[in-house]
1. Ranking request for peptides 146-153, 101-108: highest mean number of other beta-carbon atoms within 10 Å first, then the rest in descending order.
2. Can you check what the net charge comes to around ALA192, using other residues whose Cβ is under 13 Å from the Cβ of ALA192 (Lys, Arg +1; Asp, Glu -1)?
3. If I model segment 119-187 as equal point scatterers sitting on the Cα atoms and use the Debye formula, what is log10 I(q)/I(0) at q = 0.12, 0.16, 0.19 Å⁻¹?
4. Determine the principal axes of the Cα atoms in segment 90-142, then give the extent along each, sorted from largest to smallest and rounded to whole angstroms.
5. Which residues' amide hydrogens lie under 5 Å from the amide hydrogen of ARG116, considering only partners 5 or more residues apart or on another chain, with H built in the peptide plane?
6. For segment 152-164, what does the Karplus curve 6.51 cos²θ - 1.76 cosθ + 1.60, with θ = phi - 60°, yield as ³J(HN,Hα) per residue in whole Hz, taken in order and with x for Gly and Pro?
7. How about LYS67: which aspartates and glutamates have a C-alpha closer than 20 Å to its C-alpha, ignoring those fewer than 8 places off in the same chain?
Amino acid sequence: MVSVSAARRLLPAWAWLRTATFRASRAGHAPARPRPLAACLAAALLLLSGLAGSLAFAEISREYRIKAAYLYNLLRFINWPPVEQSEETPVTICIYGYNPFERYLEKLETRKVDDRPIKIRYVGEPDPLDGCAMLFISQYNTTEPALLSAESPPPILTVSDGDNFLRRGGMVALANVGNNIQLDINLTRGRAAGFQFSANLLEVARTVR
């Protein structure tokens, strides 16, 4: 089997060969209700299992199934700034540029957060980010959205698995540590955008700054 590190080196070329699909959507987010983090992660991992990657990308596929589960649980353990939203308004996870999750995220569209449906939306420069509750920026992107450097960040939770993401203005980093995925949280940046992070989430984070 091809190693994880070798597969990661192949991914940029693989991404170039794939056709990106962008879909428009309008969405928002409402405050989440705390639930046991371990139980939510276990349920989400069961939900997202079932699609096997190719031999060369098997380990990468497993990695992004786990990261998709983390995105799902971030929706549950972070409270967004209060806005008027109906129960029919979807909670939108936006994927910026390259999508490393393949089809795993679409499984989240069968779930709900606080009785609101989840919507996956694909964006790129210069697409508007209005309606994005969360914006995931893959480590394989060569560009980043301007909101990372905004002095007053908008209420969009920025998440990435790229190196030094918090230093560049991101809020949550999904860090590969051995065979595990761990959270690094920029609490200062998140609070500046109006987010409230649950104590359970902060407790399991590797670093909080």
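FYI, it's all coordinate maths here, none of it is from the lab. Because the structure is a prediction, the values reported are computed rather than measured. Every residue, glycine as well, gets a Cβ built from its backbone with ideal geometry; the counts of neighbours run over all protein chains shown.
1. Numbers: 146-153: 12.6, 101-108: 18.9.
In descending order of packing, they fall as 101-108, 146-153.
2. Numbers: positive: ARG189, ARG191, ARG209; negative: GLU151.
Here the count lands on +2.
3. Debye curve over Cα of segment 119-187, log10 I(q)/I(0) at q = 0.12, 0.16, 0.19 Å⁻¹: -0.31, -0.54, -0.76.
4. 36, 23, 12
5. Here nothing satisfies the definition.
6. Taking θ as phi minus 60°, the curve returns 10, x, x, x, 10, 6, 9, 10, 7, 10, x, 5, 6 Hz for segment 152-164.
7. The reachable aspartates and glutamates, counting only those whose Cα sits under 20 Å from LYS67, are GLU59, GLU102, GLU106, GLU109, GLU144, ASP161, ASP163, ASP184, GLU203.
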